[in-house]
Amino acid sequence: DTAVSQTPKYLVTQMGNDKSIKCEQNLGHDTMYWYKQDSKKFLKIMFSYNNKELIINETVPNRFSPKSPDKAHLNLHINSLELGDSAVYFCASSQDSGSGNTIYFGEGSWLTVV
Amino acid sequence: QKEVEQDPGPLSVPEGAIVSLNCTYSNSAFQYFMWYRQYSRKGPELLMYTYSSGNKEDGRFTAQVDKSSKYISLFIRDSQPSDSATYLCAMSDGSSASKIIFGSGTRLSIRP
């Protein structure tokens, strides 16, 4: 029973397209995140949602927009895709946004923009 | 200088060897220290979690934190081929889970 699940796992698309990645967690957590992992394996936080409210937005281009219909779901929409958007995107969740919380990651979505 | 530095490897050792993975950091406010393991084409999973300085042991894994040197280590005893993965250190000042800073990961390969 997957705790944090995201789809699709692999996505190849052309520059200029708009795409979405869906994420769901069944852990009952209050906080969800989107991370980006580049080719050098650096994991950078993009967004954090706590009880459906955006609580952090780490200077990502506004072509990226998170959408949270409820606290178990946090989808990532990307408009006008660029070559530099190619990366692995991880959805994650934690009990709440407080310190000392364990972050649980999904399996990742490999986005390739051609 | 990056907040968290980690040698990317790759590190290749024979099965049964003791492995030492390390990270250095610059922010003296960091209090929570974690190690994540990431298998190929998978998400990171939490392996070890420590608060402040000291050692923590869990089976074949030992996490060590030296705040005075701003240096953390993960030791793996009796390494197995199944330990082959990328290991990411992570740390935070405790203000928020969203402020966790990750290292770039060390790729480890255990040769049978």
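The values are calculated or read from the model by the stated rules, or taken from the named source; none is laboratory data. Everything numeric in this text was worked out from a predicted model, so none of it was measured. Note: ideal-geometry Cβ built from the backbone for every residue, glycine included; neighbour counts use all protein chains shown. Accessible surface areas use protein heavy atoms only, side chains included; no ligands, DNA or RNA. Shrake-Rupley method; radii C 1.70, N 1.55, O 1.52, S 1.80 Å.
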query = Just a yes or no: is a residue in the stretch A:71-79 of a type outside the set (A, V, I, L, M, F, W, C), within 16 Å of the chain's Cα centre (by Cα) and modelled with pLDDT under 90?
reply = yes
request  = Go over the candidates B:Lys2, B:Lys56 one by one and state the one that is at pLDDT below 90 and of a type in the set (D, E, K, R).
outcome  = B:Lys2
request  = Please indicate, with yes or no, whether at least one residue in the stretch B:32-50 is over 22 Å from A:Val4 (Cβ atoms) and open to solvent by 50 Å² or more (accessible area, probe 1.4 Å).
outcome  = no
task = Go through B:Tyr51, B:Tyr87 for me and flag whichever is closer than 20 Å to A:Leu43 by Cα, within 14 Å of another protein chain (Cβ to nearest Cβ) and not aliphatic (A, V, I, L, M).
result = B:Tyr87
request  = Assess whether B:Val19 counts as being β-branched (Val, Ile, Thr), surrounded by 21 or more Cβ atoms within 10 Å (Cβ to Cβ) and touching a strand residue (DSSP E or B) at 6+ places or on another chain (Cβ under 8 Å).
outcome  = no
query = If B:Lys56 satisfies every condition in (1) closer than 14 Å to B:Leu108 by Cα; (2) part of a strand (DSSP E or B); (3) in contact with a Ser or Thr (Cβ under 6 Å, 6 or more places away or on another chain) but one, which is the exception?
reply = (1)
key: Residue list for the stretch B:72-89, filter: open to solvent by less than 20 Å² (accessible area, probe 1.4 Å), out of contact with any Gly (no Cβ under 7 Å at 6 or more places or on another chain) and either closer than 23 Å to B:Ser28 by Cβ or of a type in the set (Phe, Trp, Tyr) (or both)   = B:Ile72, B:Ser73, B:Leu74
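Is it the case that B:Asn27 is farther than 22 Å from A:Ile45 by Cβ, at pLDDT below 95 and of a type outside the set (Phe, Trp, Tyr)? Walk me through how you get there before you give the answer.
On the way: farther than 22 Å from A:Ile45 by Cβ: no; at pLDDT below 95: yes; of a type outside the set (Phe, Trp, Tyr): yes.
No: the conditions fail for B:Asn27.
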task = Could you tell me which residue of the stretch B:90-112 is farthest from the other protein chains (Cβ to nearest Cβ), considering only residues that are outside any loop (DSSP other than H, G, I, E, B), closer than 22 Å to B:Pro8 by Cβ and not aliphatic (A, V, I, L, M)?
result = B:Arg111
task = Please tell me if B:Ser79 is away from every other protein chain (no Cβ under 14 Å), among the polar types (S, T, N, Q) and under 10 Å from the mean Cα position of the chain (by Cα).
result = no
